[in-house]
Amino acid sequence: AQSVTQLDSQVPVFEEAPVELRCNYSSSVSVYLFWYVQYPNQGLQLLLKYLSGSTLVESINGFEAEFNKSQTSFHLRKPSVHISDTAEYFCAVSLSGGYQKVTFGTGTKLQVIP
Amino acid sequence: GAVVSQHPSWVICKSGTSVKIECRSLDFQATTMFWYRQFPKQSLMLMATSNEGSKATYEQGVEKDKFLINHASLTLSTLTVTSAHPEDSSFYICSASSGTGVPGELFFGEGSRLTVL
């Protein structure tokens, strides 16, 4: 079975500073990787995904994540955060090859400080 | 993007009563729906997977007689918490998949916060 580890439960960062949210996964077979974002009092939304191909994937709002197979990581980064990025971010994994169960990490709360 | 709506968004009930939460896909047919429970500072815990027209598949440790799941149509799944107790208080979230599009891409409802007194 696959698992996901998000070591940082909270990450405070000043506005316009860079941020990295860490995610490591464990699986004996190939996987799909996702980052979901949950804004206060809202459901989860897909932020970006890695299925195959280029290991660097980007979202429309400036986030990027890089799949590193050797380190089994999928860290999320943004070079300059905004107040509006304050939210909880969940890393998730599913087995590749079709529609499989998605396993979520424990989440990282990003707090952007003005 | 696809829209999933959950209702009610919050509910307070007395211990021993039953509560029903609805999850609807508004603009697509959801062949599969998932029910999660989210504890504070913890991950989303998958409770069960339901496919339209068939019995739900429950995760290990989830009481199927306590958490009744029905997926009677391609746009509606319901979760009924039977004989609720204070330890059932939690945030329940549903998600849906059309079975097409991006594998693993789930569309989530807004969540339902249940408080059992």
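The values are calculated or read from the model by the stated rules, or taken from the named source; none is laboratory data. Just so we're clear, the structure is a prediction, and the values are computed from it rather than from any experiment. Note: ideal-geometry Cβ built from the backbone for every residue, glycine included; neighbour counts use all protein chains shown.
Quick notes on this structure:
- Qualifying positions in the stretch B:4-29 - within 12 Å of chain A (Cβ to nearest Cβ) and surrounded by 13 or more Cβ atoms within 10 Å (Cβ to Cβ): B:V4, B:S5, B:Q6, B:S9, B:C23
- Cβ-Cβ distances below 8 Å connect the following pairs, each with a first residue in the stretch B:6-22 that is β-branched (V, I, T), a second residue that is in a loop (DSSP other than H, G, I, E, B), and a separation of six or more residues or different chains: B:I12/B:L117; B:T17/B:S83; B:T17/B:A84; B:V19/B:A84; B:I21/B:P8.
- Scan of the stretch A:67-93 for residues that are surrounded by 15 or more Cβ atoms within 10 Å (Cβ to Cβ) and either farther than 24 Å from A:Q10 by Cα or acidic (D, E) (or both), ordered by number: A:D85, A:E88
The rows are residues; the columns are (1) outside any helix (DSSP H, G or I); (2) of a type in the set (A, V, I, L, M, F, W, C); (3) modelled with pLDDT of 85 or more.
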{"position": "B:M45", "(1), (2), (3)": "yes, yes, yes"}
{"position": "B:S54", "(1), (2), (3)": "yes, no, no"}
{"position": "B:K64", "(1), (2), (3)": "yes, no, yes"}
{"position": "B:A72", "(1), (2), (3)": "yes, yes, no"}
{"position": "B:S77", "(1), (2), (3)": "yes, no, yes"}
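- Scanning the stretch A:33-55 for residues that are closer than 9 Å to A:A65 by Cα, more than 9 Å from the chain's Cα centre (by Cα) and in contact (Cβ under 8 Å) with a residue 24 or more places away in the chain turns up just one, A:Y50.
- Top-ranked residue in the stretch B:61-112 [being among the charged types (D, E, K, R) and either surrounded by fewer than 19 Cβ atoms within 10 Å (Cβ to Cβ) or within 14 Å of chain A (Cβ to nearest Cβ) (or both); ranked as nearest to B:Q42 (Cα to Cα)]: B:E87
- Complete set of residues in the stretch A:1-28 that are among the polar types (S, T, N, Q) and either touching a residue at least 60 places away in the same chain (Cβ under 8 Å) or assigned to a strand (DSSP E or B) (or both): A:Q2, A:S3, A:T5, A:Q6, A:S9, A:Q10, A:N24, A:S26, A:S27
- Elements of type strands (runs of 3 or more DSSP E) in the stretch A:29-93, at least 3 residues being under 23 Å from B:P40 (Cα atoms): A:31-38, A:44-50
- Against the numbered list (1) closer than 16 Å to B:E105 by Cβ; (2) within 14 Å of chain B (Cβ to nearest Cβ); (3) hydrophobic (A, V, I, L, M, F, W, C), A:A65 comes up short only at (2).
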